[in-house]
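The values are calculated or read from the model by the stated rules, or taken from the named source; none is laboratory data. Remember, it's a predicted structure, so these values are computed and weren't measured experimentally. Backbone-built Cβ (ideal geometry, glycine too); neighbour counts: all protein chains shown.
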């Protein structure tokens, strides 16, 4: 599933990091939109 | 080039070992991005979240992500491009601002109004409990930077001077560790009034609230060993990790405030930090911690156990800052509220003196591994600089957003645990071994 990230070119780093942050942002924005808050 | 898993593991370890950090000003430059971004969003009329006016949530979300997050990713990889990124982001903000005005939407992803009365009440309560937009902005951006750094470090494009330092020095990731403690402990100030008491938190509830972190710490240890991810044992030790430190601090704070008034957090924090530093410098503790000796369970985890004293000091100082932010001190002393900007500004000067003085005068280089005195004061300096930056923006620019924050930052701040759990899962999936992508 994973990959040897240290060997990837710069453009791939930028693309993966952008996708990763986009995914996280969509997740929390979606939860916020639904009024869901997970708290411990 | 084909690497065996064992060879790649060595490469991973070499990519995080032996670094000495960078200049403080470079870290301030990179971390200041979010301050610039919030100014740009406000100036261009983007990042709304005013629920009645939100007609194009996707546009608003894209605008916020494009101005806040994307440039930050570029700066993490190529920090020398700061001015180019600022120029590009300004141009993008102008264009998006015009597009938003033409389309009649100035909104980011809004909270749904039809979510029912209970949800609305919960949202209102959340907003009232935070009720300071600059705090939300500071905490959310600290979390965003840390999550970005956690994955970015596994790419060669990430500058090695930003990687956690081996023993002494300051790096972007070192500052991230300190600011996460600050961000968490600052919020604890709301639970501890000015008398020696457990406040609104019992020891059991403090312990219970840390259980997820301790479980995460255990899970991380098992997973790291299971997937063959690099183990940098000189960071915290063989079994100890950051989650254990993060989980232990609320319990330590709870025990502390049973004995001492939380109003004395500033002096207490400085005293704990000073005594620990004296122990490091005068008793040979530092030599022991930096030695290769690892016989027995305590010695195996010596960095994690000893640095807890430094993180305890940092947490106490963060509670002091939180008392200023949430005006706990004034409320319990029955005084007229002092301006948080002035009170935090005074502390900023104190920490600047206590960082620069020992560093220049006593050659006391900051060390995250030891969590020594200059690491603690340096962490407070960076954290307060970040917090004060957002406070000044809030004071100088007219309030544009619900709750004083762009919707994306509110969302990150409201669900930090989900955010962090998702980060851990994604990072493990991306960096785990077994792929042949790069062979």
- Task: Find the residue count for the stretch B:286-303, including only residues that are surrounded by 13 or more Cβ atoms within 10 Å (Cβ to Cβ) and closer than 24 Å to residue B:243 by Cβ.
- Result: 8
- Message: I'd like to know if the stretch B:60-74 contains one or more residues that are closer than 23 Å to residue B:387 by Cβ, facing chain A (nearest Cβ under 10 Å) and at pLDDT below 85.
- Response: no
- Residue count for the stretch B:391-430, restricted to those that are facing chain A (nearest Cβ under 7 Å) and surrounded by fewer than 17 Cβ atoms within 10 Å (Cβ to Cβ): 2
- Note on the structure: Checked the stretch B:255-269 for anything buried (at least 20 other Cβ atoms within 10 Å of the Cβ) and within 23 Å of residue B:304 (Cβ to Cβ); matches are B:256, B:268, B:269
